[in-house]
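Everything on this sheet refers to the single structure shown next.
The values are calculated or read from the model by the stated rules, or taken from the named source; none is laboratory data. Bear in mind the structure is a predicted one, so any value in this text is a computation, not a measurement. No Cβ is skipped: glycine too gets one built from the backbone with ideal geometry, and neighbour counts run over all protein chains shown. The accessibility values were calculated without ligands, DNA or RNA, using every heavy atom of the protein model including side chains. Shrake-Rupley method; radii C 1.70, N 1.55, O 1.52, S 1.80 Å.
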Amino acid sequence: MAFEENPESVGSLFRTHWIVWKCLGQVPDPRYPKLFKVYAVLLNVGFGLGYPLHLLLGQLGLQTLEEVLLNLTISVPVAVCALKFFNIWRNLRKVRHLEKMFNTLNTRINQRDEWIYYRKVTIPNALKVLHLFYFICVGTALASELTLLIMGFAYEWRLMYPAYFPFDPYATTGGYVVAHTFQIIGLLVQLAENLVSDTYGGMCLALLAGHAHLLGKRVAIIGYDNQKTEMDTGRELANCIVDHNMLFDCHSILGEIIGIGMFAQIISASLIMGIVVIYMVFYVGNAFEYVYYSIYLFGCAMEVFPTCYYATNFEFEFDKLTFMLFSCNWMDQNQSFKKSLMISIEQSLKTRSFRVGGMFRINLQIFFATCKGAYSVLALALKFK
(Lines give C-alpha, C1' and ligand atoms only; values in the text may rest on other atoms or scores of the structure.)
Protein backbone atom coordinates (compact mmCIF):
# COMPACT_ATOMS: atom_id res chain seq x y z
CA MET A 1 0.00 0.00 0.00
CA ALA A 2 1.41 3.37 -1.02
CA PHE A 3 2.40 5.83 1.61
CA GLU A 4 0.77 9.12 0.69
CA GLU A 5 3.25 11.58 2.19
CA ASN A 6 6.36 12.33 0.14
CA PRO A 7 9.63 13.94 1.26
CA GLU A 8 9.86 17.69 1.01
CA SER A 9 11.86 19.39 -1.74
CA VAL A 10 15.63 19.10 -1.46
CA GLY A 11 15.60 22.89 -1.60
CA SER A 12 15.10 22.81 2.16
CA LEU A 13 18.36 20.86 2.55
CA PHE A 14 20.29 23.36 0.45
CA ARG A 15 18.60 26.48 1.82
CA THR A 16 21.85 27.58 3.50
CA HIS A 17 23.71 27.29 0.21
CA TRP A 18 21.23 29.46 -1.68
CA ILE A 19 21.22 32.06 1.10
CA VAL A 20 25.02 32.25 1.07
CA TRP A 21 25.16 32.37 -2.74
CA LYS A 22 22.68 35.23 -2.66
CA CYS A 23 24.50 37.10 0.13
CA LEU A 24 27.78 36.76 -1.76
CA GLY A 25 26.27 38.17 -4.93
CA GLN A 26 26.00 34.99 -7.00
CA VAL A 27 22.19 34.81 -7.16
CA PRO A 28 20.62 38.11 -8.32
CA ASP A 29 17.73 39.75 -6.49
CA PRO A 30 14.96 40.50 -9.04
CA ARG A 31 13.62 43.35 -6.89
CA TYR A 32 16.79 45.46 -7.10
CA PRO A 33 18.70 44.23 -10.18
CA LYS A 34 20.97 47.28 -10.71
CA LEU A 35 21.75 47.81 -7.02
CA PHE A 36 22.44 44.10 -6.62
CA LYS A 37 24.90 44.12 -9.54
CA VAL A 38 26.86 46.94 -7.91
CA TYR A 39 26.85 45.07 -4.59
CA ALA A 40 27.96 41.82 -6.23
CA VAL A 41 30.81 43.48 -8.13
CA LEU A 42 32.11 45.37 -5.08
CA LEU A 43 31.92 42.31 -2.81
CA ASN A 44 33.50 39.84 -5.20
CA VAL A 45 36.20 42.20 -6.47
CA GLY A 46 36.99 43.51 -2.99
CA PHE A 47 36.93 40.22 -1.07
CA GLY A 48 36.50 37.38 -3.56
CA LEU A 49 39.54 38.52 -5.59
CA GLY A 50 41.10 41.30 -3.51
CA TYR A 51 41.51 39.22 -0.35
CA PRO A 52 43.51 36.33 -1.89
CA LEU A 53 45.41 38.84 -4.05
CA HIS A 54 46.57 40.95 -1.08
CA LEU A 55 47.78 37.76 0.64
CA LEU A 56 49.66 36.46 -2.40
CA LEU A 57 51.24 39.87 -3.10
CA GLY A 58 52.26 39.99 0.53
CA GLN A 59 54.71 37.16 -0.16
CA LEU A 60 56.88 39.59 -2.15
CA GLY A 61 57.70 41.72 0.88
CA LEU A 62 58.26 39.02 3.48
CA GLN A 63 61.77 38.65 4.86
CA THR A 64 61.69 35.72 7.30
CA LEU A 65 60.73 32.08 6.81
CA GLU A 66 58.27 32.36 9.69
CA GLU A 67 56.36 35.13 7.89
CA VAL A 68 56.42 33.18 4.62
CA LEU A 69 54.98 30.05 6.26
CA LEU A 70 52.39 32.09 8.17
CA ASN A 71 51.29 33.72 4.94
CA LEU A 72 51.17 30.38 3.10
CA THR A 73 48.90 28.84 5.77
CA ILE A 74 46.15 31.20 4.60
CA SER A 75 47.08 32.41 1.09
CA VAL A 76 47.06 28.95 -0.52
CA PRO A 77 43.70 27.86 1.03
CA VAL A 78 42.13 31.23 0.17
CA ALA A 79 43.24 30.99 -3.46
CA VAL A 80 41.84 27.45 -3.70
CA CYS A 81 38.65 28.59 -1.94
CA ALA A 82 38.11 31.34 -4.52
CA LEU A 83 38.60 28.83 -7.35
CA LYS A 84 36.07 26.38 -5.85
CA PHE A 85 33.50 29.10 -5.22
CA PHE A 86 33.64 30.66 -8.69
CA ASN A 87 33.62 27.21 -10.29
CA ILE A 88 30.29 26.40 -8.61
CA TRP A 89 28.99 29.88 -9.45
CA ARG A 90 29.57 29.30 -13.18
CA ASN A 91 27.70 25.98 -12.83
CA LEU A 92 24.66 27.30 -10.93
CA ARG A 93 22.41 26.33 -13.83
CA LYS A 94 23.57 22.72 -13.43
CA VAL A 95 23.04 23.02 -9.66
CA ARG A 96 19.39 23.91 -10.27
CA HIS A 97 19.03 21.04 -12.76
CA LEU A 98 20.55 18.59 -10.27
CA GLU A 99 18.12 19.80 -7.60
CA LYS A 100 15.20 19.11 -9.95
CA MET A 101 16.43 15.56 -10.53
CA PHE A 102 16.72 14.98 -6.79
CA ASN A 103 13.13 16.19 -6.41
CA THR A 104 12.05 13.76 -9.14
CA LEU A 105 13.79 10.91 -7.31
CA ASN A 106 11.99 12.01 -4.13
CA THR A 107 8.63 11.51 -5.82
CA ARG A 108 9.52 7.82 -6.30
CA ILE A 109 9.46 7.35 -2.51
CA ASN A 110 5.93 6.06 -1.91
CA GLN A 111 6.34 3.31 0.66
CA ARG A 112 6.42 3.85 4.40
CA ASP A 113 9.71 2.00 4.98
CA GLU A 114 11.35 3.99 2.17
CA TRP A 115 10.10 7.24 3.65
CA ILE A 116 11.42 6.29 7.10
CA TYR A 117 14.85 5.41 5.67
CA TYR A 118 15.01 8.70 3.77
CA ARG A 119 14.02 10.71 6.84
CA LYS A 120 16.06 8.77 9.41
CA VAL A 121 19.22 7.97 7.43
CA THR A 122 19.63 9.87 4.15
CA ILE A 123 18.69 13.38 5.31
CA PRO A 124 20.67 13.15 8.60
CA ASN A 125 23.73 11.94 6.65
CA ALA A 126 23.53 14.99 4.40
CA LEU A 127 22.98 17.35 7.32
CA LYS A 128 25.96 15.92 9.22
CA VAL A 129 28.21 17.37 6.53
CA LEU A 130 26.64 20.82 6.90
CA HIS A 131 26.69 20.78 10.70
CA LEU A 132 30.35 19.69 10.72
CA PHE A 133 31.27 22.73 8.65
CA TYR A 134 29.20 25.02 10.84
CA PHE A 135 31.45 23.94 13.71
CA ILE A 136 34.63 24.34 11.67
CA CYS A 137 33.76 27.78 10.27
CA VAL A 138 32.49 29.24 13.54
CA GLY A 139 35.36 27.68 15.48
CA THR A 140 37.98 29.00 13.04
CA ALA A 141 36.55 32.54 13.06
CA LEU A 142 36.26 32.72 16.86
CA ALA A 143 39.64 31.11 17.52
CA SER A 144 41.33 33.41 15.03
CA GLU A 145 39.89 36.63 16.45
CA LEU A 146 40.29 35.62 20.10
CA THR A 147 43.90 34.55 19.53
CA LEU A 148 44.67 37.87 17.87
CA LEU A 149 43.06 39.88 20.69
CA ILE A 150 44.75 37.87 23.44
CA MET A 151 48.14 38.11 21.74
CA GLY A 152 47.61 41.84 21.22
CA PHE A 153 46.85 42.60 24.86
CA ALA A 154 49.46 40.19 26.23
CA TYR A 155 52.37 40.75 23.81
CA GLU A 156 52.05 42.95 20.73
CA TRP A 157 49.42 43.88 18.17
CA ARG A 158 49.84 42.34 14.77
CA LEU A 159 47.72 41.53 11.78
CA MET A 160 46.00 38.19 11.44
CA TYR A 161 48.30 37.35 8.50
CA PRO A 162 51.22 39.22 6.90
CA ALA A 163 49.99 40.63 3.60
CA TYR A 164 50.27 43.54 1.19
CA PHE A 165 48.56 46.88 1.88
CA PRO A 166 49.06 50.13 -0.04
CA PHE A 167 49.76 51.81 3.32
CA ASP A 168 51.64 50.93 6.49
CA PRO A 169 49.04 49.23 8.73
CA TYR A 170 51.20 49.77 11.83
CA ALA A 171 51.84 53.48 11.31
CA THR A 172 48.60 54.64 12.92
CA THR A 173 45.81 53.12 14.98
CA GLY A 174 43.31 53.93 12.24
CA GLY A 175 45.42 52.17 9.62
CA TYR A 176 45.69 49.07 11.80
CA VAL A 177 41.93 49.02 12.42
CA VAL A 178 41.22 49.32 8.68
CA ALA A 179 43.69 46.55 7.81
CA HIS A 180 42.43 44.26 10.55
CA THR A 181 38.78 44.88 9.63
CA PHE A 182 39.53 44.06 6.00
CA GLN A 183 41.23 40.81 7.00
CA ILE A 184 38.51 39.66 9.41
CA ILE A 185 35.72 40.45 6.92
CA GLY A 186 37.71 38.72 4.19
CA LEU A 187 38.16 35.68 6.43
CA LEU A 188 34.42 35.53 7.10
CA VAL A 189 33.70 35.76 3.36
CA GLN A 190 36.18 32.95 2.68
CA LEU A 191 34.66 30.80 5.42
CA ALA A 192 31.19 31.33 3.93
CA GLU A 193 32.50 30.40 0.49
CA ASN A 194 34.18 27.30 1.90
CA LEU A 195 31.00 26.36 3.75
CA VAL A 196 28.92 26.07 0.58
CA SER A 197 31.70 24.82 -1.71
CA ASP A 198 32.98 22.03 0.53
CA THR A 199 29.60 20.80 1.77
CA TYR A 200 27.79 20.69 -1.56
CA GLY A 201 29.60 17.65 -2.95
CA GLY A 202 29.40 15.64 0.27
CA MET A 203 25.70 16.37 0.77
CA CYS A 204 24.84 15.45 -2.83
CA LEU A 205 26.82 12.20 -2.60
CA ALA A 206 25.00 11.35 0.65
CA LEU A 207 21.68 11.88 -1.17
CA LEU A 208 22.83 9.81 -4.14
CA ALA A 209 23.90 6.96 -1.87
CA GLY A 210 20.52 7.09 -0.11
CA HIS A 211 18.55 6.99 -3.36
CA ALA A 212 20.72 4.13 -4.66
CA HIS A 213 19.92 2.20 -1.47
CA LEU A 214 16.18 2.87 -1.87
CA LEU A 215 16.31 1.88 -5.55
CA GLY A 216 17.92 -1.42 -4.57
CA LYS A 217 15.16 -2.14 -2.06
CA ARG A 218 12.51 -1.17 -4.61
CA VAL A 219 13.84 -3.38 -7.40
CA ALA A 220 14.46 -6.40 -5.14
CA ILE A 221 10.73 -6.86 -4.42
CA ILE A 222 9.60 -6.74 -8.04
CA GLY A 223 7.67 -9.83 -9.14
CA TYR A 224 6.72 -11.15 -5.70
CA ASP A 225 3.24 -9.60 -5.57
CA ASN A 226 0.88 -12.18 -7.12
CA GLN A 227 -1.89 -9.60 -7.43
CA LYS A 228 0.05 -7.66 -10.06
CA THR A 229 -0.06 -8.51 -13.74
CA GLU A 230 2.95 -8.97 -16.01
CA MET A 231 2.26 -5.47 -17.38
CA ASP A 232 2.39 -3.99 -13.86
CA THR A 233 5.62 -5.83 -13.10
CA GLY A 234 7.19 -4.69 -16.36
CA ARG A 235 6.16 -1.10 -15.62
CA GLU A 236 7.77 -1.30 -12.16
CA LEU A 237 11.03 -2.51 -13.70
CA ALA A 238 10.86 0.22 -16.35
CA ASN A 239 10.44 2.88 -13.63
CA CYS A 240 13.42 1.47 -11.74
CA ILE A 241 15.52 1.53 -14.92
CA VAL A 242 14.58 5.19 -15.42
CA ASP A 243 15.61 5.95 -11.83
CA HIS A 244 18.83 3.99 -12.32
CA ASN A 245 19.72 6.08 -15.37
CA MET A 246 18.78 9.26 -13.50
CA LEU A 247 21.25 8.37 -10.75
CA PHE A 248 23.92 8.01 -13.44
CA ASP A 249 23.00 11.47 -14.77
CA CYS A 250 23.12 12.96 -11.26
CA HIS A 251 26.54 11.40 -10.74
CA SER A 252 27.81 12.87 -14.01
CA ILE A 253 26.42 16.38 -13.41
CA LEU A 254 27.77 16.50 -9.86
CA GLY A 255 31.23 15.69 -11.21
CA GLU A 256 30.95 18.62 -13.63
CA ILE A 257 29.85 20.97 -10.83
CA ILE A 258 32.56 20.25 -8.24
CA GLY A 259 35.21 18.41 -10.28
CA ILE A 260 37.65 21.31 -10.83
CA GLY A 261 37.31 22.54 -7.25
CA MET A 262 37.78 19.09 -5.76
CA PHE A 263 40.81 18.49 -7.99
CA ALA A 264 42.43 21.71 -6.74
CA GLN A 265 41.51 20.81 -3.15
CA ILE A 266 43.16 17.40 -3.37
CA ILE A 267 46.29 18.86 -4.98
CA SER A 268 46.66 21.57 -2.33
CA ALA A 269 45.43 19.73 0.81
CA SER A 270 48.67 17.88 1.56
CA LEU A 271 50.72 21.05 1.06
CA ILE A 272 48.44 23.16 3.25
CA MET A 273 48.31 20.65 6.11
CA GLY A 274 52.06 20.11 5.88
CA ILE A 275 52.75 23.86 6.08
CA VAL A 276 50.41 24.26 9.07
CA VAL A 277 52.11 21.39 10.93
CA ILE A 278 55.57 22.80 10.15
CA TYR A 279 54.53 26.23 11.44
CA MET A 280 53.09 24.69 14.61
CA VAL A 281 56.22 22.62 15.27
CA PHE A 282 58.81 25.36 14.68
CA TYR A 283 57.16 28.72 15.36
CA VAL A 284 54.08 28.48 17.59
CA GLY A 285 55.07 29.20 21.16
CA ASN A 286 51.89 29.68 23.17
CA ALA A 287 48.73 27.72 23.96
CA PHE A 288 46.33 30.12 22.26
CA GLU A 289 48.01 29.77 18.88
CA TYR A 290 48.22 25.99 19.32
CA VAL A 291 44.44 25.88 19.83
CA TYR A 292 43.82 28.04 16.79
CA TYR A 293 46.10 26.08 14.45
CA SER A 294 44.82 22.76 15.78
CA ILE A 295 41.28 23.80 14.81
CA TYR A 296 42.62 25.11 11.51
CA LEU A 297 44.43 21.82 10.80
CA PHE A 298 41.29 19.85 11.64
CA GLY A 299 39.32 22.08 9.26
CA CYS A 300 41.84 21.49 6.46
CA ALA A 301 41.45 17.72 6.81
CA MET A 302 37.66 17.91 7.06
CA GLU A 303 37.45 19.89 3.81
CA VAL A 304 38.32 16.63 2.06
CA PHE A 305 36.95 13.93 4.39
CA PRO A 306 33.12 14.23 4.03
CA THR A 307 33.21 14.13 0.24
CA CYS A 308 35.62 11.19 0.28
CA TYR A 309 33.54 9.32 2.88
CA TYR A 310 30.21 9.68 1.09
CA ALA A 311 31.84 8.98 -2.28
CA THR A 312 32.91 5.63 -0.80
CA ASN A 313 29.39 5.06 0.53
CA PHE A 314 28.01 5.94 -2.90
CA GLU A 315 30.27 3.34 -4.56
CA PHE A 316 29.20 0.71 -2.02
CA GLU A 317 25.48 1.30 -2.62
CA PHE A 318 25.91 1.22 -6.39
CA ASP A 319 27.87 -2.02 -6.21
CA LYS A 320 24.97 -3.57 -4.26
CA LEU A 321 22.51 -2.71 -7.06
CA THR A 322 23.72 -5.64 -9.18
CA PHE A 323 22.80 -8.11 -6.44
CA MET A 324 19.49 -6.34 -5.73
CA LEU A 325 18.52 -6.46 -9.42
CA PHE A 326 19.22 -10.18 -9.50
CA SER A 327 17.17 -10.65 -6.29
CA CYS A 328 13.84 -9.81 -7.92
CA ASN A 329 11.52 -12.62 -9.04
CA TRP A 330 12.77 -12.62 -12.62
CA MET A 331 12.30 -16.36 -13.11
CA ASP A 332 8.50 -16.13 -13.30
CA GLN A 333 8.48 -13.16 -15.69
CA ASN A 334 8.18 -13.00 -19.47
CA GLN A 335 11.01 -12.75 -21.98
CA SER A 336 10.74 -8.98 -22.37
CA PHE A 337 11.20 -8.49 -18.61
CA LYS A 338 14.25 -10.76 -18.59
CA LYS A 339 15.90 -8.92 -21.48
CA SER A 340 15.38 -5.53 -19.81
CA LEU A 341 16.71 -6.89 -16.53
CA MET A 342 19.76 -8.37 -18.24
CA ILE A 343 20.61 -5.00 -19.80
CA SER A 344 20.22 -3.27 -16.42
CA ILE A 345 22.48 -5.82 -14.72
CA GLU A 346 25.13 -5.39 -17.40
CA GLN A 347 24.91 -1.63 -16.91
CA SER A 348 25.23 -1.95 -13.14
CA LEU A 349 28.38 -4.09 -13.41
CA LYS A 350 30.40 -1.05 -14.44
CA THR A 351 32.07 0.53 -11.42
CA ARG A 352 30.64 3.98 -10.73
CA SER A 353 33.42 5.86 -9.03
CA PHE A 354 33.67 9.59 -8.55
CA ARG A 355 36.74 10.91 -10.37
CA VAL A 356 38.09 14.45 -10.69
CA GLY A 357 40.68 15.79 -13.06
CA GLY A 358 40.92 12.41 -14.75
CA MET A 359 43.44 11.45 -12.05
CA PHE A 360 41.93 11.10 -8.59
CA ARG A 361 39.29 8.57 -7.61
CA ILE A 362 37.52 10.28 -4.72
CA ASN A 363 37.11 7.88 -1.81
CA LEU A 364 38.64 7.26 1.60
CA GLN A 365 41.86 6.01 0.03
CA ILE A 366 42.59 9.43 -1.47
CA PHE A 367 41.82 11.03 1.90
CA PHE A 368 44.42 8.86 3.66
CA ALA A 369 46.85 9.51 0.80
CA THR A 370 46.35 13.25 1.35
CA CYS A 371 47.15 12.88 5.05
CA LYS A 372 50.24 10.82 4.22
CA GLY A 373 51.27 13.57 1.81
CA ALA A 374 51.08 16.13 4.63
CA TYR A 375 53.34 13.88 6.73
CA SER A 376 55.78 13.66 3.81
CA VAL A 377 55.95 17.46 3.62
CA LEU A 378 56.72 17.58 7.37
CA ALA A 379 59.36 14.84 7.08
CA LEU A 380 61.01 16.72 4.23
CA ALA A 381 61.09 19.92 6.31
CA LEU A 382 62.62 18.09 9.29
CA LYS A 383 65.27 16.62 7.03
CA PHE A 384 66.39 20.07 5.85
CA LYS A 385 66.03 21.74 9.26
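List of remarks:
- Qualifying residues in the range 154-209 (those that are among the polar types (S, T, N, Q) and in a helix (DSSP H, G or I)) - the one most open to solvent (accessible area, probe 1.4 Å): T173
- Top-ranked residue of the range 198-240 - restricted to ones that are touching a residue at least 24 places away in the same chain (Cβ under 8 Å) and hydroxyl-bearing (S, T, Y), ranked as farthest from I253 (Cα to Cα): Y224
- Some residue of the range 302-310 being exposed (fewer than 15 other Cβ atoms within 10 Å of the Cβ) and farther than 13 Å from Q265 by Cβ: no
- Residue count for the range 338-354 under the criterion of being hydrophobic (A, V, I, L, M, F, W, C), open to solvent by less than 20 Å² (accessible area, probe 1.4 Å) and at pLDDT below 85: the result is 1.
Quick grid of which residues meet (1) among the polar types (S, T, N, Q); (2) over 30 Å from I109 (Cα atoms); (3) in contact with a His (Cβ under 8 Å, 6 or more places away or on another chain):
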site: P166; (1), (2), (3): no, yes, no
site: H180; (1), (2), (3): no, yes, no
site: I184; (1), (2), (3): no, yes, no
site: L195; (1), (2), (3): no, no, no
site: T199; (1), (2), (3): yes, no, yes
site: A220; (1), (2), (3): no, no, no
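- Yes/no for G261 being under 30 Å from H211 (Cβ atoms), open to solvent by 10 Å² or more (accessible area, probe 1.4 Å) and under 15 Å from the mean Cα position of the chain (by Cα): no
- Count of the range 249-258 residues which are farther than 19 Å from L364 by Cβ and open to solvent by less than 20 Å² (accessible area, probe 1.4 Å): 2
- Selection count, the range 68-85, where residues are more than 16 Å from the chain's Cα centre (by Cα) and β-branched (V, I, T): 4
- V76 of a type outside the set (S, T, N, Q), touching a Leu at 6+ places or on another chain (Cβ under 8 Å) and more than 30 Å from M273 (Cα to Cα): no
- Among (1) in contact with an Asp or Glu (Cβ under 9 Å, 6 or more places away or on another chain); (2) closer than 13 Å to V78 by Cα, the one test that E193 misses: (1)
- Figure legend. Inter-residue proximity from the range 290-308: first residues farther than 14 Å from H131 by Cα, second residues open to solvent by 50 Å² or more (accessible area, probe 1.4 Å), beta-carbon distance below 6 Å, spacing 6+ or different chains. No pairs are indicated.
- Boolean, N245 is among the polar types (S, T, N, Q) and part of a helix (DSSP H, G or I): yes
- Residue, least open to solvent (accessible area, probe 1.4 Å), within the range 264-301, restricted to residues that are assigned to a loop (DSSP other than H, G, I, E, B) and not β-branched (V, I, T): N286
- All positions within the range 65-119 that are under 29 Å from W21 (Cβ atoms), part of a helix (DSSP H, G or I) and open to solvent by 60 Å² or more (accessible area, probe 1.4 Å): L83, W89, R93, K94, R96, H97, K100, T107, R119
- In the range 355-385, the residues that are part of a loop (DSSP other than H, G, I, E, B) and closer than 14 Å to F305 by Cβ: I362, N363
- Which listed residue, of L159, L148, is closer than 18 Å to S294 by Cβ and either out of contact with any Leu (no Cβ under 7 Å at 6 or more places or on another chain) or β-branched (V, I, T) (or both): L148
- The set of residues in the range 324-342 that are touching a residue at least 12 places away in the same chain (Cβ under 8 Å) and in a helix (DSSP H, G or I) comprises M324, L325, F326, S336, F337, S340, L341.
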